[in-house]
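Q: Here you go, one structure.
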Amino acid sequence: MGYTTSTEIDIPKTCKAGVVENEGPDFKLVVEDVPVPQPGPDDVLIRLNTTGICYSDIHYMLCDLPIPTMSSFSVRSPGHEGAGVIVALGTNVTNWNIGDRAGIKPAYDACFNCELCWSGKETYCHESPQIGIQFPGSYQQYLLSPARYTSRIPDGVDDFSAGPIMCSGSTIYCSLKESGLKPGDWAVFPGAGGGVGHMGVQIARAMGLRVVGIDGGEEKKELCMKLGCEAFVDFTKVDDVAQEVVKICDGKGAHGVFVTATSASAYATAPMMTRISGKVMCVGLPPEGTAIAGADPLLFIGKNLHIIGTKVGSLLDTQKALEFASRGLLKPIVEVFPLSKMPEAVAKLRSGKVAGRLVIDFNTWE
């Protein structure tokens, strides 16, 4: 058989997966049966209980980012934030046991033989492929993961929380860490009520930062204030969002603005919200060519402004984000959909009307 499984675990020949038809602006997602893969010598096979639905998945299905398409790798299922249990082990795998809880992250693997990998920047490694683009993603219930790059889910963190933390929580933890902000500093989150933003609010608060949320609508405001924002700015009601943020932040502006929104306006206004030596952290992925992160050079010079981009979190970042959750300091707010409703969940996220994170329950059909 070439791998190890348990007589107590029945591994089917096929499993359900959300697959993309007609990728591009008119893409369609359907749920159908696909073959269950067999692990290679260094892989584990994971049966997912949950997967989060991330807006990056929408980008991949729309093909609106400057990256290769899913179809160019013969991949049909996106997704990169899954949580479940290991049901089979490759013959070389000794650091995992069948039944262990495990998570899937955006980065599929890394070379572990370059300075980026050695310095904890392995998600930037040139040999770090992306799951859900180059390999089948977490919209598929049974999928493979390299044993060395699979994340352990700690006790006390349920799969409905762990799945979204694999991407959203880890990504925003990484950005907060790289910002260098200190307790008592002001952290502002455009897109604070979204999947990444609402976790950023919680982690920033746990780090001792003073948090301002920016988003639109009463539902987002209620969520942000509940999670620990000191103030909320509703961009649908406030004429000059940047001016209002500066006013809230001691009249000087934010120490850090974490742009988790993907709109051009969010990126355009962020530099205006900072104080002297402030940092604009670029996190949200706008469609190619639709936004600019920056400002007039005179503003950069006059404010000692820093513009910094951060990608998805590393193995260590993921572990740290999960630790916040295990300590009760991070609790993703999720809306759960049954497996048959995965297309509806994707459509809802694409519409931009989601507070928190959408999660698919693979163990419930409808």
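None of the figures in this text is laboratory data; all of them are computed from the coordinates on show. Because the structure is predicted, anything quoted here is derived from the model rather than measured. All Cβ positions, glycine included, derive from the backbone under ideal geometry; neighbour counts span all protein chains shown.
Q: Taking other Cβ within 10 Å of each residue's Cβ, how do 277, 263 sort, fewest first?
A: Sorted ascending by nearby Cβ count, the order is 277, 263.
Q: Can you give the helix-only mean residue ellipticity at 222 nm for the chain, where every DSSP H stretch with n ≥ 4 adds -39500 (n - 2.57) and the sum goes over all residues, rounded to the nearest 500 deg cm²/dmol?
A: Roughly -7000 deg cm²/dmol at 222 nm, from the helical runs in the chain.
Q: On to the next question. Where does the Debye-calculated log10 I(q)/I(0) of the chain sit at q = 0.08, 0.14, 0.15 Å⁻¹, using only Cα point scatterers of equal weight, no solvent?
A: Rounded to two decimals, the profile gives -0.38, -1.14, -1.29.
Q: Suppose every K and R has +1 on its Cβ and every D and E has -1 on its Cβ; what is the size of the dipole of region 170-309 about the Cα centre, in Debye to the nearest 20?
A: 460
Q: While we're here: Roughly how compact is region 170-309, stated as its Cα Rg over 2.2 N^0.38 Å to two decimals?
A: Working: Rg = 13.3 Å, N = 140, 2.2 N^0.38 = 14.4 Å.
Compared with the compact-globule rule of thumb, region 170-309 sits at 0.93.
Q: I want to check the label-to-label distance for residue 268 and residue 336. Put each point 7 Å from Cα in the C-beta direction and report it in nm to one decimal.
A: 4.2
Q: Follow-up question, since we're still on this one. On a 0 to 90 degree scale, rounded to 10, what angle separates helix 342-351 from the longest Cα axis of the chain?
A: With both axes taken from Cα atoms, the answer is about 20 degrees.
Q: Under a point-charge model restricted to the Cβ atoms of Lys and Arg (+1) and Asp and Glu (-1), what is the dipole moment magnitude of the chain relative to its Cα centre, in debye to the nearest 20?
A: Value, rounded to 20: 840 debye.
Q: Enumerate the aspartates and glutamates that residue 13 could reach by cross-link, defined here as Cα to Cα under 14 Å, with residues fewer than 8 away along the same chain left out.
A: In chain and number order, the partners are 32, 33.
Q: Would you order 312, 280 from fewest to most other beta-carbon atoms within 10 Å of each residue's own beta-carbon?
A: Details: 312 23, 280 26.
So the ranking, lowest neighbour count to highest, is 312, 280.
Q: Hey, another quick one. Among 186, 365, what is the fewest-to-most ranking by other Cβ atoms within 10 Å?
A: Least crowded to most crowded, the residues run 365, 186.
Q: For each cysteine in the chain, check whether another cysteine's C-beta sits under 4.7 Å from its C-beta; list those where none does.
A: Isolated Cys, the chain: 15, 54, 63, 111, 114, 117, 125, 167, 174, 249, 282.
Q: A further question follows. Measure nothing but the geometry: give the 0 to 90° angle between the long axis through the Cα atoms of 315-326 and the longest principal axis through the Cα atoms of the chain, rounded to 10°.
A: The answer is roughly 80 degrees.
Q: Can you give me the long-range amide H partners of residue 313? Hydrogens built in the peptide plane at 1.01 Å from N, cutoff under 5 Å, separation of 5 or more residues or another chain.
A: When sequence neighbours closer than 5 places are left aside, the close amide H contacts are 171.
Q: Over the chain, with a Gaussian network built from C-alpha contacts below 10 Å, which listed residue (30, 233, 157) shows the highest mean-square fluctuation?
A: 30
Q: Contact order normalised by length for the chain, with contacts defined as Cα pairs under 8 Å and 6 or more residues apart; what percent is it?
A: 18
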